[in-house]
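I have placed the structure first, in the form of structure tokens, so that the comments after it can refer back to it.
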Amino acid sequence: MMADNSILIQVSAFSGLIGALLTQCLTGLFAYIGDKRKSDTALKNTYRNKQVDIAENFYFVTGEKMAVVKKNIGYWKNYNNARGEKSLDFLNKEMNKLNSYMDKLDAENWKYNLISLYFDVSLANDPVIESNLRSKEMYMKVLDLTDGIRHALDEEKGDLYELYNKAINEMCAHYEALYHRMAGDLGIVKRGLTKEFGIK
């Protein structure tokens, strides 16, 4: 009888130990799961907040750039008409102001370049560089033709004016295509944010 009590006490003590260990393991597991869930939620919130910050900056800068591009198109189309020296000087000053503002936007808004980390926009870094190079090439061509017209003989000016008009139209078409790509990217960012926040 004494041996049975001793075995019963040992089994009882062993069961208590197993129960305590099991309780400790389950408590640790639940704490780990809870901490992981909190960590994942905090990480998702950080990502979402950064995404919204970058998207807002992108919306502002892209909207401003679209306005500049639209004004540039208007000025170039106006520039393409026959003008006097004073009006051409005015148009040149206005275009220089717009270009300076564009440079300022680029310099002060570094977040703008991070948009492709969060959204699949068409004008990521490489396409923007290509587009800028194309814009500069077209602009240089227009400047060269302008200079050529100033120094050409009267009988040569007709052909040069034709080439000049064609260069202006090509440049305006390039800017208009760029404007539409920018508008498309705004749509991509807006749809991405509304999907992220579950807004329909």
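Quick notes on this structure:
- Residue list for the stretch 157-187, restricted to those being closer than 19 Å to residue 122 by Cβ and open to solvent by less than 50 Å² (accessible area, probe 1.4 Å): 174, 175, 178, 182, 183, 184, 185, 186, 187
- Inside the stretch 107-126, residues that are more than 16 Å from residue 186 (Cα to Cα) and free of Cβ contacts under 8 Å to residues at least 24 places away in the same chain make up a count of 4.
- Filtering the stretch 147-171 to residues that are in contact with a helix residue (DSSP H, G or I) (Cβ under 7 Å, 6 or more places away or on another chain) and at pLDDT below 90 leaves 148, 149, 152, 157, 160, 161, 163, 164, 167, 168, 171.
- Which numbered condition residue 85 fails, given (1) charged (D, E, K, R); (2) at pLDDT below 80; (3) surrounded by 12 or more Cβ atoms within 10 Å (Cβ to Cβ): (3)
- Selection within the stretch 29-65 - open to solvent by 70 Å² or more (accessible area, probe 1.4 Å) and aromatic (Phe, Trp, Tyr): 30, 32, 47, 59, 60
- Where a residue in the stretch 132-155 is free of Cβ contacts under 8 Å to residues at least 24 places away in the same chain and its partner, wherever it lies, is aliphatic (A, V, I, L, M), with Cβ under 7 Å and at least six apart: 145/160; 145/163; 145/167; 148/160; 149/160; 152/160
- Qualifying residue in the stretch 112-130 (condition: loosely packed, with under 13 Cβ neighbours inside 10 Å and either in contact with a Pro (Cβ under 7 Å, 6 or more places away or on another chain) or more than 30 Å from residue 49 (Cβ to Cβ) (or both)): yes
The values are calculated or read from the model by the stated rules, or taken from the named source; none is laboratory data. Computed from a prediction, not measured in an experiment: that's the story for all the values here. Counting neighbours? That spans all protein chains shown, and the Cβs are built from the backbone with ideal geometry, glycine included. Quick note on the areas: whole protein, heavy atoms, side chains included, nothing else; ligands and nucleic acids left out. Shrake-Rupley method; radii C 1.70, N 1.55, O 1.52, S 1.80 Å.
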